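One structure is given here, and the rest of the page talks about it.
The values are calculated or read from the model by the stated rules, or taken from the named source; none is laboratory data. Here the structure is a predicted model, which means the values were calculated and not measured. Cβ placement follows ideal geometry from the backbone for every residue including glycine, while neighbour counts extend to all protein chains displayed.
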Amino acid sequence: MVDVYVALGIAAPYYNLALVAIVVMLFIALFRTKNKGVFMKPWYLLFACICIYIVEEVITVLRAAGLTAIPQHINAFFEFGIIVIFIYLVLVQKEYIEKHFRITTVRKKVSVRFPIERESWEPTALNFQSVVLERKCFFKPACPFNEQTI
């Protein structure tokens, strides 16, 4: 059984590169589309993370093949870069949502029934909060999001 794990450890970087090639093709298709209507900056940052991951995997494959002598601790720098970009990506998306959406909280009273040790069911009332995002519109007459919630 240990041989299976060793074989997977040897073959996994190659499979990872093959799957990342498919992801890169999907990103290229996304970037080529016109009139996206989507905030694209997080997608570009995510693509940068994927490119860093590709470099990391290529170095891993070259190290496993014995073609390079780059130490293994270098991978930690790549992982650190990916994590920093992911954090920046989340902050950019949060800033975009705060700028373009109005967040309102709606309180609801919901009746929930759950089984108790007795034979009967007892209803209880719980208060739930849900978040509703409303699109901020800068052009009143032509905006389809004026009185709607998303």
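Considering each residue of segment 1-57, count those that are touching a helix residue (DSSP H, G or I) at 6+ places or on another chain (Cβ under 7 Å) and either of a type in the set (D, E, K, R) or more than 21 Å from PHE78 (Cβ to Cβ) (or both), and give that number.
Qualifying residue count for the region: 5.
Being loosely packed, with under 14 Cβ neighbours inside 10 Å, touching a residue at least 12 places away in the same chain (Cβ under 8 Å) and either touching a Cys at 6+ places or on another chain (Cβ under 8 Å) or among the β-branched types (Val, Ile, Thr) (or both) narrows it down to one of ILE70, ILE74, ILE87, ILE83, so name that one.
When all the criteria are applied, what remains is ILE74.
Can you confirm whether VAL24 is modelled with pLDDT of 90 or more and over 30 Å from HIS100 (Cβ atoms)?
No: the conditions fail for VAL24.
Quick check on this structure: which one of LEU26, LEU45, LEU17, LEU62 is outside any loop (DSSP other than H, G, I, E, B), within 20 Å of VAL92 (Cβ to Cβ) and in the same structural domain as VAL90 (by TED's automatic domain parsing)?
Selected residue: LEU45, the only one of LEU26, LEU45, LEU17, LEU62 that is outside any loop (DSSP other than H, G, I, E, B), within 20 Å of VAL92 (Cβ to Cβ) and in the same structural domain as VAL90 (by TED's automatic domain parsing).
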